[in-house]
Amino acid sequence: MSTEATTGTGVTPATQSEGLEVRQKALQEELRELIDVVGPAPLVDLLLERAFQLNATDIHIDPNEQGLRVRLRVDGMLHDVMQLPQKLTAQVISRLKLMAGMDITERRAAQDGHISKSVIKHQRDIRVGGGPTIHGERLVLRLMPDDKSFTSLEELGFEPEQLDKVQRLVDIPYGVLLSVGPVGSGKSTTVYSALTMRNRPTESVVTIEDPVERHMEGINQIQIDAKIGFTFVKCLRGVLRQDPDVIMVGEIRDPETAQIATRAGLTGVTVLSTLHANDSLAVIDVFREFGVPPMFIVDALKCIIAQRLIRKICPKCREGYAPDASAKAILNLSDDEAASTTLYRGQGCDSCFSTGYSGRTGVFEILTFTPELRHAVLRVDGQDDIREIAVRNGLVTLEDSARRKVLRGETTVEELLQLQSAFST
C-alpha cells in the first residue's frame, strides 16, 4: 500500500483538487460564454440543465461581496461551479424567483417557491427556498426526483434479511411503519418505495404531504396548507373518515400527529411516515416525549427503519488494496481475516469529479418489537438497556450495515468512519 498521503479514497488531495477544477472551469467557461452572447436568462436555463445531467440534488446560490457563488450538491457533497459577477446578481435572482412564482419585490423575508417541470421542460420539479443575508438574497434549489422513476425496495441497499423483513411488514394490513434519520438520509425515497408496493386497485391509498414530492398515479395525494389552517392533524383526521387502507403522512412533527397516527395503526390502517431521529431506538424516546403510551408504541409500531446514505466507490476507477492495521481495527478483522480480505477505493477519474465515488446507497437499521424488547419498552427501560436487548435479538445496526458494504467492496473505510463520527458527536 502506498505511503503517499491520500484522501482515503486512493486520491491525493492535489489530484482531487485538479480534477474538480477542470470540471468546474469547463462548466464555468460554458456559462460565461453564454452570458456574453445572450444574457442571464439562458444562463439560468443552462445551469438547471447541467445540474440535471450531473444528477445534482441541490443548487446553492449564495451572495457575497463579489456577486453570487454557485454550487451543486452531487452525491451529498457541494462543489463550486462558478462565481457570477455583481452586475448579474439582481437579474439571476429575479429570473429564478419569477420562474418559482415568488414575489420579486420582497427581499427582506424568507420565501418558498416551486418551478414546475413544464416550465423547464424536464421530468422533475424544483423546490425553491430563499431569504435575506447580509450580502443580499440567497436561493437554494432542490431538484426533485423524476416522477416516472421510482426506486424499488430491492434497489435501496437493504441487507438480504432486512429486505425480507421490510417487504413482509409493508404488506401487513395495519400498523405504523416509520423511516427515520436526519435531513437528506433518503427517508422519503424509502417511504415512496414502500408506498409503490401498496399501490393496488384493491386498496384505497392516500398521502398527506408538505409538499407533494412525487406524483403517483392511482394514489390520492393531498398537500397541506398551514396558511389556511389545513395542517397534518386536520387532514389526517379527515382522511381517517374516508375509508383508507393505507395512509402516508409526510412527516410526524408533533405529539398530536404521532398520537393520531398510532391510533390509526391500531384500528386497521397501514400508516407510512417519516420522523427525524438519530436511530431506530431513538424513536421510542421521541414517542414517549410525544405522550404516546408505551402500550401503543409496541403495538402500533410494526417496523422502524433508521437509515443513512453513503457514497459508493466509482466503478470506473475502483482499485483493491490490503487492509492496514487501522482498517483491521475499524472493521474488527482478525489477522487471518485481514490476510484474506481485499478492500476497495476509487482512484479518481473524470466521471466521478476525481472523488473516487459515484452515486450513493443506503445503510439501514430495522427494528421490530420482539417479546423481550416489548417487555423492556413497557417497563420504560433506558435506551442503553433497550439497545443491548435489541442487538442480542438480532438487530443489525447502521454501523454493521456499513461495515458489510465495506467488506463487499461497495464503499470505503472512510465512509464508515464518517458514519461513526456522526454518532459520536
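A few notes on this one:
- Candidates 247, 208, filtered to the one that is aliphatic (A, V, I, L, M) and in contact with a Phe, Trp or Tyr (Cβ under 7 Å, 6 or more places away or on another chain): 208
- Out of 269, 249, one residue alone is over 25 Å from the mean Cα position of the chain (by Cα) and buried (at least 22 other Cβ atoms within 10 Å of the Cβ). It is 269.
- Helices (runs of 4 or more DSSP H) within region 252-300 that include 2 or more residues more than 24 Å from residue 224 (Cβ to Cβ): 282-289, 294-300
- Test for residue 177: is it touching a helix residue (DSSP H, G or I) at 6+ places or on another chain (Cβ under 7 Å) and not in a helix (DSSP H, G or I): yes
- Screening the candidates 179, 149 for the property of being hydroxyl-bearing (Ser, Thr, Tyr), modelled with pLDDT under 95 and either surrounded by 15 or more Cβ atoms within 10 Å (Cβ to Cβ) or over 23 Å from residue 265 (Cα atoms) (or both) yields one hit, 149.
- In region 53-75, the residues that are in a strand (DSSP E or B), at negative phi and not β-branched (Val, Ile, Thr): 58, 60, 62, 63, 64, 68, 69, 71, 72, 73
- Where a residue in region 148-174 is closer than 22 Å to residue 310 by Cα and its partner, wherever it lies, is part of a helix (DSSP H, G or I) and among the basic types (Lys, Arg), with Cβ under 7 Å and at least six apart: 159/404
- Selected residue (only one of 329, 322 is more than 25 Å from the chain's Cα centre (by Cα) and free of Cβ contacts under 8 Å to residues at least 24 places away in the same chain): 329
- Scan region 105-115 for residues that are loosely packed, with under 15 Cβ neighbours inside 10 Å and either outside any loop (DSSP other than H, G, I, E, B) or touching a Lys or Arg at 6+ places or on another chain (Cβ under 6 Å) (or both) and the total you get is 1.
- Among (1) under 30 Å from residue 117 (Cβ atoms); (2) buried (at least 19 other Cβ atoms within 10 Å of the Cβ); (3) modelled with pLDDT under 85; (4) of a type outside the set (A, V, I, L, M, F, W, C) - the single one residue 71 does not satisfy: (3)
- Pick from region 201-240, criterion over 25 Å from residue 268 (Cβ atoms) and of a type in the set (D, E, K, R), ranking: nearest to the chain's Cα centre (by Cα): 213
- Residue in region 10-19 that is touching a Phe, Trp or Tyr at 6+ places or on another chain (Cβ under 6 Å), at pLDDT below 70 and farther than 17 Å from residue 127 by Cα present: no
- Region 301-316: number of residues that are in a loop (DSSP other than H, G, I, E, B) and among the basic types (Lys, Arg): 1
- For region 333-349, the criterion of being part of a loop (DSSP other than H, G, I, E, B) and touching a Leu at 6+ places or on another chain (Cβ under 7 Å) is met by at least one residue.
- Residue 306, sole failed condition from (1) over 24 Å from residue 266 (Cβ atoms); (2) within 25 Å of the chain's Cα centre (by Cα); (3) in contact (Cβ under 8 Å) with a residue 40 or more places away in the chain: (1)
- Hits in region 395-415 - residues which are of a type in the set (A, V, I, L, M, F, W, C), assigned to a helix (DSSP H, G or I) and either out of contact with any Leu (no Cβ under 8 Å at 6 or more places or on another chain) or surrounded by fewer than 21 Cβ atoms within 10 Å (Cβ to Cβ) (or both): 407
- Residue count for region 371-387, restricted to those that are surrounded by fewer than 16 Cβ atoms within 10 Å (Cβ to Cβ), modelled with pLDDT of 95 or more and under 29 Å from the mean Cα position of the chain (by Cα): 0
- Subset of region 50-68 [surrounded by 20 or more Cβ atoms within 10 Å (Cβ to Cβ), more than 12 Å from residue 136 (Cα to Cα) and without any contact (Cβ under 8 Å) to a residue 60 or more places away in the chain]: none
The values are calculated or read from the model by the stated rules, or taken from the named source; none is laboratory data. A quick note: this is a predicted structure, and the numbers were derived from the prediction, not measured. Glycine also receives a Cβ, built like all others from the backbone with ideal geometry; neighbour counts cover every protein chain displayed.
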